[in-house]
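Report on the structure given below.
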Amino acid sequence: MIQTSIDLIFFDLGNVLVHVDMERFVHRMAEFLGLSEKDFIRAMQDIPSAYADFECGKISAQQFYRRFADYSTDSTGSFNRFVEIYTDIFDPNTELMQACKTLRTQLRLSIISNTDELHFERIYRDYSLGDLFETPITSFETGFRKPDPAIYTHALNRVGLLPQQTLFIDDRPENVEAARQLGMQALVFTDNARLENDLKPVGLKLGR
């Protein structure tokens, strides 16, 4: 429950503002690498550390690509083709995107996201998020990933607000709890209808 009025909402990206289609990713990336989907999923178990490093800006896009290329049975796969497949996994939460246009007339909007430079650039390019969201805070720029308190503190400093003046919306409960521990108001996102109901106590409307 939101307790006080707010001046700014921080949104998460994946599975909040955009849907993530992992089945599409597995199918196309396995084909690109010349692996069966089962073998690719098995190979993915060795890659999480690379994801974490890439999301924190510790390795370049080319270095990240080479972690995948190590598993390829086809040496002809290009970096550009990899980027296209790797980033073509998002579909907009169209209803929420539209609702943000209404929210933007009522208060400030921003983003706190665990994401890498390739995913971030694709989402911003395809959905023109810069028109709605100010000073996006990303893990690859800050070097911190949610639920590390440092990324929330960095975000608050960037927007120049106290924790209680902000609302953080994320689909992962552990990220929401970390924000609350810092004094931010926070909600777990499950669906658009639930979010609209959660925002009613402070008079915010999604315009649905």
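The values are calculated or read from the model by the stated rules, or taken from the named source; none is laboratory data. Remember, it's a predicted structure, so these values are computed and weren't measured experimentally. Cβ sites come from the backbone with ideal geometry, for glycine too, and all protein chains shown count toward neighbours.
What the table below lists for this structure:
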quantity	calculated
Asn175 vs. criteria within 22 Å of Leu107 (Cβ to Cβ) and surrounded by fewer than 20 Cβ atoms within 10 Å (Cβ to Cβ)	no
Check on Ile111, at pLDDT 90 or above, under 25 Å from Ala178 (Cβ atoms), outside the structural domain of Leu132 (by TED's automatic domain parsing) and surrounded by 14 or more Cβ atoms within 10 Å (Cβ to Cβ)	no
Residue match in the stretch 2-20 (condition: touching a residue at least 40 places away in the same chain (Cβ under 8 Å), in contact with a Ser or Thr (Cβ under 7 Å, 6 or more places away or on another chain), among the β-branched types (Val, Ile, Thr) and in a loop (DSSP other than H, G, I, E, B))	yes
Failed item, numbered, when Gly34 is tested on (1) closer than 19 Å to Ser113 by Cα; (2) surrounded by 14 or more Cβ atoms within 10 Å (Cβ to Cβ); (3) out of contact with any Pro (no Cβ under 9 Å at 6 or more places or on another chain)	(1)
Residue satisfying all of: in the stretch 54-71; among the charged types (D, E, K, R) and surrounded by fewer than 17 Cβ atoms within 10 Å (Cβ to Cβ); farthest from the chain's Cα centre (by Cα) among these	Asp70
Elements of type helices (runs of 4 or more DSSP H) in the stretch 72-176, at least 2 residues being more than 30 Å from Arg42 (Cβ to Cβ)	94-103, 117-127, 139-142, 149-159
